[in-house]
Every structure is written in structure tokens, then in C-alpha cells.
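Step one of this worksheet: look at the structure below.
The values are calculated or read from the model by the stated rules, or taken from the named source; none is laboratory data. Because the structure is a prediction, the values reported are computed rather than measured. Ideal geometry is used to build each Cβ from the backbone, glycine not excepted, and the neighbour counts take in all protein chains shown.
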Amino acid sequence: MTDAFLVALGGVTEPYTLALMALATFAGIIAAAIPGFTITMAIVLTLPLTFAMPPMQGIAVMLSVYVGGLSGGLFSAALLGIPGTPSAVATTFDAFPMARNGQPGRALSLGLFASFVGSLISIVILIVAAPPLALLAVKLGPWEYFALIVFALTIIASLVGDSILRGLIAGLLGIGIATIGPDPLMARERFTFGYELLTAGIPFLVVLIGMYAMSQLLSELEPSSANQDGSRALVSGDMRPHLWSVMIGTLKKPFNILRSSLLGVFIGAVPGAGSSISNLVAYDQAKRASSHPETFGKGEAEGVVASEAGNSSTVGGSLIPLISLGIPGSPADAVLMAAIMVHGISVGPRLILDHPDLVYSMFIAMAVASVFMLVIGVVMMRAFMRLLNVPKYIVVPVVLACCAIGTYTLNNRVSDLYLLAAIGAFGYLLKKLDYPLAPLVLGVVLGPIAETNLRRAFQTSTDWTLFFTRPISALLLTLAVVSVAYSVYSYLRQRRLMAERAQAAQNRAFQDGASQE
């Protein structure tokens with residue numbers, strides 16, 4: 001094993017390989033920062049370029065794109081309020097308000113450092129705990145998957161904004177949108193109402209880009225007293241990187257980043273879950289554990305750290321079932337597995353025994369790519385923030401064009417562009433009516449997964465009690481009930497405290513008025 005490790009170390013640290021990895025990390029960051037260009041798309045485009053490379057070098061390059069991509073969505077999330085990838089949805093909740101409050105450099109520094117630490121933690125866990133975690137993940141049946149998604153859906157209760165009713169309505173709208181088009185198992189059309197435009201369904205990325213990008217761009221075009229001519233940048237303020245102070249501040253409170261990273265690793269190890277779920281779950285748990293949850297959504301540093309550590313740590317988690325069992329944990333891992341198989345290497349339980357040098361090279365490549373991601377991210381930070389000085393009337397059309405291109409390249413369908421415009425207008429209307437968008441997007445993401453596993457469970461057995469008699473499923477459903485109850489309790493307590501403060505302020509004002517008389 002020592003010889004295999006040295007061979008892997010020598011292969012990955014060759015100057016040419018390091019140069020390719022740095023370029024691939026940069027490409028991953030750029031691709032993920034463009035709304036609509038997903039990490040999977042970036043890896044798919046990279047795959048043909050690695051065919052002529054040695055296996056170790058090709059896998060290192062693809063992993064670099066993967067690691068860079070998971071942090072790249074931070075830039076558009078923080079600076080534009082638009083998640084570049086689905087895994088950056090929760091990042092927008094606090095990174096964008098922080099940037100708008102005059103701290104764009106701090107928001108990006110927090111996200112980059114959290115991504116770096118999350119990746120390193122996931123690598124350590126991948127090396128130490130790959131076999132047992134993979135065995136746990138593979139034992140999950142449709143009952144456990146459904147219970148896991150139900151538990152994840154309880155996040156809606158903590159993302160409702162100022163109104164539980166509006167948040168729940170938004171979540172139900174998201175689940176309803178996910179049911180349009182062919183059903184996930186039998187591919188039968190439903191809820192298309194005779195419109196050919198809806199026969200293929202509404203892709204998740206179209207909803208994500210429409211809800212966040214289009215609605216945000218429409219909001220930016222609104223005239224305001226501070227920006228009548230549209231010449232003001234989207235955000236402004238301190239443009240300097242704050243990496244050193246961010247590192248010290250984050251490490252003084254390590255529990256948040258550690259908890260978020262562990263959640264990301266576990267969710268990544270569950271095939272099909274992915275970084276879009278871990279991003280939201282990590283944010284939700286950070287908000288619940290915080291002593292000041294009312295600051296989340298207003299530029300809270302803990303929210304940025306949790307969301308970015310949660311999504312970046314899924315890289316190591318998703319590689320656990322791939323390396324140990326030959327089961328890809330996400331679409332990106334499926335492309336990675338294809339790249340390994342192209343070189344004639346069998347992926348499965350014997351991979352680490354037959355090709356230990358390749359497995360060790362994956363561990364080393366992830367660590368090196370994480371360092372590249374941090375360094376390149378800090379260097380690019382200034383360039384990205386200079387874009388903030390560009391007037392809105394230039395930024396908005398360019399971002400709109402990127403959104404349209406990303407939407408079209410998803411399925412090469414012009415009809416998706418019409419859906420993008422409709423979803424964008426609908427999202428803008430919801431924002432004007434003060435409905436939160438996050439529960440709707442969460443419903444679109446998790447709704448199909450919940451439906452698929454519920455139907456698979458009943459196809460396997462009609463005994464509905466299995467959801468409560470299987471230990472892991474029962475535990476997850478219990479946690480879901482506790483989660484909802486705690487969210488409602490916290491919400492009502494916060495409302496009561498706000499009412500008491502308002503009453504106290506009113507009493508003080510009345511007393512001051514009486515004393516002046």
C-alpha cells in the first residue's frame with residue numbers, strides 16, 4: 001500500500017498534471033458561476049479531453065472540475081443573488097444580503113474557506129470510513145429514501161419567511177410543478193392540460209433559473225430612488241478579500257462547519273441525494289442550532305459557512321459508494337465512473353484492491369484541487385468583484401443571455417425558453433406578493449424523489465407499516481415530526497418575542513410622551 005501511495009503521489013504532483021488540475025479547477029469555478037451551466041455539464045464536457053490521458057491524470061483533472069464547480073456557484077449567489085448551480089441555492093440566503101450590505105469580499109471569503117474546509121473534512125472521512133458508510137448507504141431501501149426526503153421536506157418549515165401559510169403554499173406549489181409532465185416511473189403524461197409545451201415536464205433547472213435568476217433580474221430593473229437610471233452596480237462596498245479574519249473567526253466556532261461537513265458527507269454517500277439537498281439541510285440545521293436564528297437570511301455568516309461547507313463536502317461522500325461498491329452517488333460521479341471504465345478499469349468492491357494507486361490518486365487529487373480552489377477563488381475574487389462596477393444595464397442583459405443559453409443547452413429545446421420566461425414572471429409575482437421562493441424550489445427538487453420512492457415501496461410491498469417498523473425509516477420519520485414541531489415552536493416564540501418588544505417600545509413611547517406633558 002505504501003508503494004501504491006508513493007506512485008499516486010508522484011503521478012498527481014507531476015508539474016504537467018498540476019498545471020492541468022489548476023486549469024480544470026478554474027474551468028469548474030467559471031462553469032458553475034454561470035447560471036444554468038451545472039457541474040455535471042462541465043464534467044461531461046471535460047470527459048472527452050481525458051481519453052488520451054493516463055488514467056491517473058484524467059481522473060485528477062475531472063475531480064478538479066468537480067471540486068471547483070461545487071464552490072463556483074458561490075460567486076453568482078453572493079454577487080448577483082442567483083445560484084450558479086442547484087447546490088448553491090441556500091448560499092444565496094445570506095451571502096447576497098451580506099454583499100448588499102457592503103461586504104461582498106467577506107461573503108466570498110466565508111464561502112471559499114468553508115468550501116475548502118468542507119472538502120478536506122470529506123476527504124479524511126472518505127479515506128477512513130468509506131467501507132462502513134457505503135454499506136450503510138446501500139442498505140437503504142425505498143422506505144428509507146422516502147423517509148429521508150420527508151425529513152428533508154421539513155426544511156420548508158424553517159424557510160417560510162414571515163408567514164408559515166405563505167411558505168407552505170409556496171412549498172405545495174413547488175411539489176405541484178414537479179408533477180407536471182411524464183410521471184417518474186411509467187412516463188405517462190399528467191397535468192399537461194393539452195398543452196404540448198408541458199408534455200416533457202418542467203425541468204428543475206428551468207425552475208431554478210427562472211425563480212432566482214429571472215425574478216432577480218426583473219427586480220433589478222425596477223426604478224428606485226437610489227438608482228433611477230439603472231447605472232448603479234448590483235452590489236457595492238468593501239471589495240477586499242477577508243480570508244485571514246474569516247479563517248480565524250470560523251475556526252473559533254468550529255462546530256457549525258464541522259456539523260455541516262459531516263451532514264454533507266452523509267447525504268453525499270446516499271446515492272441520488274446530492275449537494276443540492278446537503279446545501280439546504282446544512283443551512284437548516286445551522287439555523288436551528290443558532291442562538292439568533294432571526295438573523296439568518298439577513299447576511300448571517302454562519303448561514304454562508306454552513307451552506308458552502310455542506311455542498312462541498314458531498315464530493316468525498318459521493319465517492320464513498322463509488323469506490324467501495326461501484327455505485328455512483330450523483331450524476332457527476334456516474335460520468336467519473338465512465339471515465340475510469342473507459343481505461344479498462346473495473347469499478348466495484350475490488351477497485352481499491354486491484355488498483356490502489358488509482359484510488360490513492362483520487363484522494364490526493366481531491367486535496368490538491370481543494371487547495372487550488374481556495375487559491376484561485378481568492379485571486380479571482382477581485383476580478384469578480386470588479387464586475388460589480390459594471391452598470392446594471394450591461395450586467396442584466398449579459399446574465400439574461402447566459403441564463404437563456406444554459407436553459408437551452410440543458411435539453412436543446414426552444415420550449416424550455418418559453419417555460420423560463422413564464423417561471424421567471426411567476427417568481428417575480430411571488431416576490432412582489434412576499435412569498436418565499438426557497439420552499440417552492442425545495443418542493444420541485446424533493447417532490448419527484450419522494451414520489452418515486454413512495455411508489456417503489458408500495459410496488460415492493462403493500463404493507464404501509466414498513467415505513468414505521470424498519471428502524472432507519474422510523475427514526476427519520478420521527479425526526480421529521482420533531483423537526484416540524486420545533487420549527488413551529490420557534491416560529492411562534494419568535495413572533496411572541498417580537499410582539500412583546502413592540503409592546504414594550506410602545507409603552508416606553510407612551511410614558512415618554514406623558515412625562516413631556
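What is the one condition in (1) among the acidic types (Asp, Glu); (2) in a helix (DSSP H, G or I); (3) under 22 Å from Ile169 (Cα atoms) that Asp434 does not satisfy? Evaluating Asp434 over (1) among the acidic types (Asp, Glu); (2) in a helix (DSSP H, G or I); (3) under 22 Å from Ile169 (Cα atoms) leaves (2) as the failure.
Scan region 158-174 for residues that are at pLDDT 80 or above and either over 27 Å from Thr92 (Cβ atoms) or buried (at least 21 other Cβ atoms within 10 Å of the Cβ) (or both) and the total you get is 3. In region 305-332, the residue that is nearest to Ile257 (Cα to Cα) out of those that are touching a Pro at 6+ places or on another chain (Cβ under 6 Å) and either small (Gly, Ala, Ser) or at pLDDT 85 or above (or both) is Gly329. Against the test of being within 16 Å of the chain's Cα centre (by Cα) and buried (at least 23 other Cβ atoms within 10 Å of the Cβ), the options Ala32, Ala60 yield a single qualifying residue, Ala32. On the given criteria, is Val65 β-branched (Val, Ile, Thr) and over 14 Å from Phe372 (Cα atoms)? It is false that Val65 is β-branched (Val, Ile, Thr) and over 14 Å from Phe372 (Cα atoms).
Say whether the condition of being touching a Lys or Arg at 6+ places or on another chain (Cβ under 6 Å) and over 30 Å from Ala8 (Cα atoms) is met by at least one residue in region 94-115.
Within region 94-115 (the criterion being touching a Lys or Arg at 6+ places or on another chain (Cβ under 6 Å) and over 30 Å from Ala8 (Cα atoms)), the answer is yes, since at least one residue qualifies.
Name the single residue that is surrounded by the most Cβ atoms within 10 Å (Cβ to Cβ) among those in region 175-191 being over 16 Å from Val206 (Cα atoms) and of a type in the set (A, V, I, L, M). That would be Leu185.
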